[in-house]
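Structure first, commentary second.
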Amino acid sequence: MKILHTGVMIGVTIAGSLVCINDTKASEQRADYFIGTEHSEEWVEETFNIEISHEYESMNVLYATLSEEEVQTLTTESAIEYVEADQEVTVEQQTVPWSIEHVGAPTIHQTGFTGAGVDVAVLDTGVEVNHPDLNVIDGASFVHEDSHTDYNGHGTHVAGTIAALDNDYGVVGIAPDVNLYGVKVLTSNGGGSMHSIVQGIDWSVEQGMDVINLSLGSSMGSLVLEQAITSAETAGVVVVAAAGNAGASYGNESTVGYPAAYDSVLAVGATDQQDARAHFSSVGYELDVMAPGDGIYSTDLNGGYQTLSGTSMASPQVAGFAALLLQQNPERSPEEIRAIIKDTANPLGDSFEFGNGMINPSSSFQQ
């Protein structure tokens, strides 16, 4: 007969070893065990001179606190099917993605800055409105899909990096307490028109958003898009955009897309865990800052989670930090927010590849 030390646990994580308690004999260590047997509680107590604390109704299992000697005695008896040690279990705990840890967001959260009161619009494929790790306040759709919920996953992943709740569940975002709005400007296949994007920006301005994240782009500029971005800045909206995933060029030419390339937009490139430029990250002097964008774990459809890479994943981290800075001082203008984020970044190398460098929120919060 063997002592069983593990069991099949669904939806829980083994948290640690047994918690031993002291018997009346100070030197004897005792612990809790399950005893599998078809014999009755009374028979086991009388036969082995032990005290059973519980008898399960639906199965032939008893529960008792035993000494090591009692465990050994029981395991040698054919009438006992097994003796299994009890274990501590916990619910699945919240994970802090490496990117969130890397840029120091948890430290800022401890100071009380979590984005509370700041309105952030994610202009994307929508955001899954019923995800248990997201609190989507409202939104709008400017594509043929009426609902602003997400059927692609991209927008939900971006939203989680900004605003996944600090709720001991799933993951946590850069600014978990922002007012999150899902604005669908791309369809479920990930495509959209300039018209839908401009409508989304216009809606965000009219609704009084504080920050807009645009993890999207085009290789070509547009007069109407530039005008929409200018209008947003004039209205006091901080606009953050992904620089693009076109990588480096052969002629030392910029590969930064639009709207990231516009002066009034914070253009964000992507790095890996070693702070090297991710191979896919676009380059150009329009780059403002870098943020982690390789292997980013965040929210996904159907209440799930997934790991994605791209400047789309880097941009929301900067959008989230902009929200933290606005909570700290709501009177800051978009120009001031951009200046703080750029001026406090840690240089990583040539500005053509890295802009001003890696975002440094700790320094930003000293401003």
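Determine, yes or no, whether GLY257 is at positive phi and crowded, with 20+ Cβ neighbours inside 10 Å. Step through it out loud before you land on a result.
Details: at positive phi: no; crowded, with 20+ Cβ neighbours inside 10 Å: yes.
No.
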task = Inspect all residues belonging to the stretch 272-295 and state whether any of them is loosely packed, with under 15 Cβ neighbours inside 10 Å and under 19 Å from the mean Cα position of the chain (by Cα).
result = yes
ask   = Taking the stated definitions as given, is VAL129 open to solvent by 10 Å² or more (accessible area, probe 1.4 Å), farther than 30 Å from ASN329 by Cβ and of a type in the set (A, V, I, L, M, F, W, C)?
value = yes
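Based on this model, can you work out whether ALA159 counts as buried (at least 20 other Cβ atoms within 10 Å of the Cβ), of a type in the set (A, V, I, L, M) and in contact (Cβ under 8 Å) with a residue 60 or more places away in the chain?
Values: buried (at least 20 other Cβ atoms within 10 Å of the Cβ): yes; of a type in the set (A, V, I, L, M): yes; in contact (Cβ under 8 Å) with a residue 60 or more places away in the chain: yes.
Taking the combined requirement at face value, the residue satisfies it.
Which members of the stretch 130-150 meet the condition of being part of a loop (DSSP other than H, G, I, E, B) and over 19 Å from the mean Cα position of the chain (by Cα)?
PHE142, VAL143, HIS144, GLU145, ASP146, SER147, HIS148
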ask   = Which of the residues belonging to the stretch 343-367 are open to solvent by 60 Å² or more (accessible area, probe 1.4 Å), in contact with a strand residue (DSSP E or B) (Cβ under 9 Å, 6 or more places away or on another chain) and outside any loop (DSSP other than H, G, I, E, B)?
value = ASN346, GLU353
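Okay, residues lined up against (1) under 16 Å from VAL122 (Cα atoms); (2) at pLDDT 95 or above; (3) of a type in the set (Val, Ile, Thr); (4) in contact with a Gly (Cβ under 7 Å, 6 or more places away or on another chain):
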position: GLY200; (1), (2), (3), (4): yes, no, no, no
position: LEU214; (1), (2), (3), (4): yes, yes, no, no
position: SER218; (1), (2), (3), (4): no, no, no, yes
position: LEU223; (1), (2), (3), (4): no, no, no, no
position: ALA232; (1), (2), (3), (4): yes, yes, no, no
position: VAL239; (1), (2), (3), (4): yes, yes, yes, no
Members of the stretch 318-342 that are open to solvent by 20 Å² or more (accessible area, probe 1.4 Å) and more than 20 Å from ASP275 (Cβ to Cβ) = GLN327, GLN328, ASN329, PRO330, GLU331, ARG332, SER333, GLU335, GLU336, ARG338, ALA339, ILE340
query = Mind checking which pairs have a first residue in the stretch 33-47 that is farther than 19 Å from GLN72 by Cβ and among the acidic types (Asp, Glu) and a second that is open to solvent by 70 Å² or more (accessible area, probe 1.4 Å) and in a strand (DSSP E or B), Cβ under 9 Å, 6 or more apart or different chains?
reply = GLU41/HIS54; GLU41/GLU55
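The values are calculated or read from the model by the stated rules, or taken from the named source; none is laboratory data. Keep in mind it's a predicted model, so treat the numbers as computed, not measured. Here the Cβ is made from the backbone with ideal geometry for all residues, glycine too, and neighbour counts use every protein chain on show. Just so you know, the surface numbers come from the protein's heavy atoms only, side chains and all, with ligands and any DNA or RNA stripped out. Shrake-Rupley method; radii C 1.70, N 1.55, O 1.52, S 1.80 Å.
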